[in-house]
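The values are calculated or read from the model by the stated rules, or taken from the named source; none is laboratory data. No experiment lies behind these values; they were computed from the predicted model shown. Here the Cβ positions follow ideal geometry from the backbone for every residue, glycine too, while neighbour counts run over all protein chains shown.
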Amino acid sequence: MEHRNRIALVTGANKGIGLEIARQLAEAGVTVFIGARDVARGNAAVEDLAAQGLKSRAIALDLDDESSLAAAADTLSQAHGHLDILVNNAGIVDWDDGVPSRASLTAVRRVMEVNFFGTLAVTQAMLPLLLKSTAARIVNLSSALGSLTMNGDPSSPYYAAQLIGYNASKAAMNMLTVQLGEELRGTPHVVNSVSPGYVKTDLTGGKGFLTPEQAAIVPVRYALLGTDAVSGKFVDADGEAAW
């Protein structure tokens with residue numbers, strides 16, 4: 001598939017995995033919009049990519065503010081008339097989250113509001129533009145922590161990571177992938193959930209096994225799927241992951 005004429009929006013792309021996804025998409029020739037709640041930080045990311053000879057554009061995008069999503073969709077519509085790639089990367093953790101018996105309800109609501117409701121809101125705002133693409137690609141950045149199978153397996157390395165709000169938000173995102181995949185069945189448009197792994201970013205407090213550069217490879221691969229694209233899947237670096 002020709003990438004040079006494709007338009008992408010990456011949410012939460014001013015740092016971490018999102019910035020690296022934007023960089024790798026730009027390297028592939030995609031025109032990338034860096035979605036950022038703080039436009040100044042978005043512009044700093046654009047300058048960072050420009051220093052590497054890569055073109056991008058910052059766009060204000062706050063998952064908690066539906067008016068900003070509508071404004072972003074309008075900006076994309078006026079600039080290009082369509083959208084080919086949506087990478088739903090933006091997300092948060094809250095360390096007042098935790099096991100069900102002790103998690104702060106305020107923290108759980110905040111995490112669900114951003115990670116699930118925010119992702120759903122962005123997707124709904126951008127779908128009219130995505131449906132104007134010849135072959136739209138939607139990538140939802142999920143997590144192994146969103147896998148019911150892994151959460152229920154004491155032998156899983158993720159079993160001890162009990163954050164009811166965060167884990168539930170990623171499980172809900174996976175449900176979005178399943179249902180949207182069914183809604184798009186029979187069209188050239190696809191959606192997949194991608195677990196990037198345990199990555200050294202601000203979200204993990206700098207802990208993890210992977211660099212953002214390594215973690216971005218699979219999401220970018222699914223953002224650039226060709227005409228034989230799969231849809232409605234949950235995948236990681238090893239292939240299909242267990243729901």
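A compact table of results
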item	result
Residue in the range 97-111 that is under 12 Å from the mean Cα position of the chain (by Cα) and crowded, with 18+ Cβ neighbours inside 10 Å present	no
Condition met for E182 (surrounded by fewer than 17 Cβ atoms within 10 Å (Cβ to Cβ), in a helix (DSSP H, G or I) and modelled with pLDDT under 95)	no
Every pair of residues 6+ apart whose Cβ atoms lie under 8 Å, when the first sits in the range 29-53 and is farther than 22 Å from S68 by Cα while the second is polar (S, T, N, Q) and surrounded by 23 or more Cβ atoms within 10 Å (Cβ to Cβ)	L49/S56; A50/S56
Output for the range 60-96, where each listed residue is within 21 Å of V220 (Cα to Cα), among the aliphatic types (A, V, I, L, M) and under 14 Å from the mean Cα position of the chain (by Cα)	L61, I85, L86, V87, A90, I92
Any chance A135 is among the small types (G, A, S), under 30 Å from P188 (Cα atoms) and outside any loop (DSSP other than H, G, I, E, B)	no
Output for the range 45-56, where each listed residue is buried (at least 16 other Cβ atoms within 10 Å of the Cβ) and not acidic (D, E)	A45, V46, L49, L54, S56
Meets criteria (in contact (Cβ under 8 Å) with a residue 40 or more places away in the chain, buried (at least 16 other Cβ atoms within 10 Å of the Cβ) and acidic (D, E)) for E20	yes
Among the candidates L131, L127, residue that is more than 17 Å from V194 (Cβ to Cβ), in contact (Cβ under 8 Å) with a residue 24 or more places away in the chain and either surrounded by fewer than 16 Cβ atoms within 10 Å (Cβ to Cβ) or out of contact with any helix residue (DSSP H, G or I) (no Cβ under 7 Å at 6 or more places or on another chain) (or both)	L131
